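Structure, as structure tokens:
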Amino acid sequence: MTTTLRRRDRLRRYAIAAAVVCATVATAACSDIHAPDSPPPTATATDPLPPGVDWTPAKEPAPAVDSCNATASLPPDPMPPRSQMPPGSSMDAIARQGVLTVGLDIGSNLFSFRDPITGNVEGFDVDIAREVARDIFGDPNRVAFRILTADERFTALENRQVDLVVNTLSITCDRLADVAFSTVYYEASQRILALRGSPIESIEDLSGKRVCVARGTTSIGRLQRQVPAAKLVSVTTWADCLVLMQQGQVDATSTDDAILAGLASQDPYVHIVGESLSTEPYGIGINRDEPDLVRFVNGTLARIRADGTWFSIYNRWLSNPLGQAPYPPPATYRQ
């Protein structure tokens, strides 16, 4: 019995020693006594996509013929004293609620974005909205911003969730069927954002390429008509397009040069290329049933064109990427 126990103990020690040698030396002789290798992993790492990416956006209908003189708006009435809005007017209702509610997004760098340090919403469009608040309240900071996607802007106006939309909103005849517009306060041109070193230099080069656009904008329909072989990808905000470009998910982005300049300012590896695909006149969106507010907003825009405020706002946000300030777009009025 004792001899048997000693023999078992000796064999156990030999097994332990063999395992240690195999673990440290890993010779071919040990291949028969170690556990089999685990199967290779099947999971692969992928970049997380922004929410709401649509790889096959629906075809947009052709726009109405621009026979409506879309950029003509109502002429302003004499401006009332600040903090003394006419009783019963749309401006009086805004004054009574205590703030001007403005719809915009925070993914349009330089026009409307959230400052990562202060947390404040800032940009060219933000400052334009503040000037309307200045003329109502005497205080440019009496503004409440409601964050909207491009797709939500018109519904928010129709449902009176916001008083104004100031959000790189192009004026078109189609859109005038749903909302009213101010006079033009900025004029942009649709162009292309591509990676530096990319062969993409013009609209013809987009054929067969993946091109990012934001839903609810005029950019998507124009690309579908001008370069039907492009593979369009739609997203919620323009900032999402930059993310997709950085991940290599799309080859280019196309929209207004002012928005593209904001994206390019965030990434030195992209740049704006190509000729203008169209002119984009920006107007402030207003509910169609509030012509007095349209006239009031046009009064504010007339003031900032005349007193130099428009130039100050342009120089603060846009002069660095887009160059010296042009003259502000002249107002066109209809009766």
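Nothing in this text is a laboratory measurement; each read-out follows from the coordinates by a stated rule. Computed from a predicted model, the values in this text were never measured in an experiment. Glycine gets a Cβ as well: all are built from the backbone with ideal geometry, and neighbour counts include every protein chain shown.
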Query raised in the report: What is the distance in Å between the Cα centres of the stretch 76-137 and the stretch 259-335?
Result: 15 Å
Query raised in the report: Given a cut-off of under 8 Å on Cα pairs at least six residues apart, what relative contact order in percent is computed for the stretch 55-335?
Result: 28 percent
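To the nearest 0.05, what FRET efficiency results for Gln247 and Arg334 with a Förster distance of 51 Å applied to their C-beta separation?
About 0.65, to the nearest 0.05.
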Query - For Lys209, residues with placed amide H under 5 Å, excluding near neighbours - result: Lys231
Query raised in the report: Ranked by Cβ crowding within 10 angstrom, fewest neighbours first, how are Phe124, Phe181 ordered?
Result: Phe124, Phe181
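Give the peptides 225-231, 173-179 in descending order of average Cβ contacts within 10 Å, highest first.
Final packing ranking: 173-179, 225-231.
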Requested in this report: Would you order Thr168, Thr236, Thr279 from fewest to most other beta-carbon atoms within 10 Å of each residue's own beta-carbon?
Outcome: Thr279, Thr236, Thr168
Query raised in the report: Counting other C-beta atoms within 10 Å, which of Ile304, Ile136, Ile147 has the fewest, and how do the rest follow?
Result: Ile147, Ile304, Ile136
Query raised in the report: For Arg82 and Arg96 in one chain, what is 0.36 nm times their gap in residues minus the Cα-Cα distance, to one decimal in nm?
Result: 3.7 nm
Query raised in the report: Modelled label-to-label distance, Cys68 and Ala229, 7 Å Cα→beta-carbon offset: nm?
Result: 3.5 nm
Query raised in the report: At what distance in nm do the modelled label points of Leu49 and Asn159 sit from each other, each positioned 7 Å from its Cα along Cα→Cβ?
Result: 2.6 nm
Requested in this report: With r as the distance between the Cβ atoms of Asp115 and Ser278 and R0 = 22 Å, compute the FRET efficiency 1/(1 + (r/R0)^6) and round to 0.05.
Outcome: 0.10
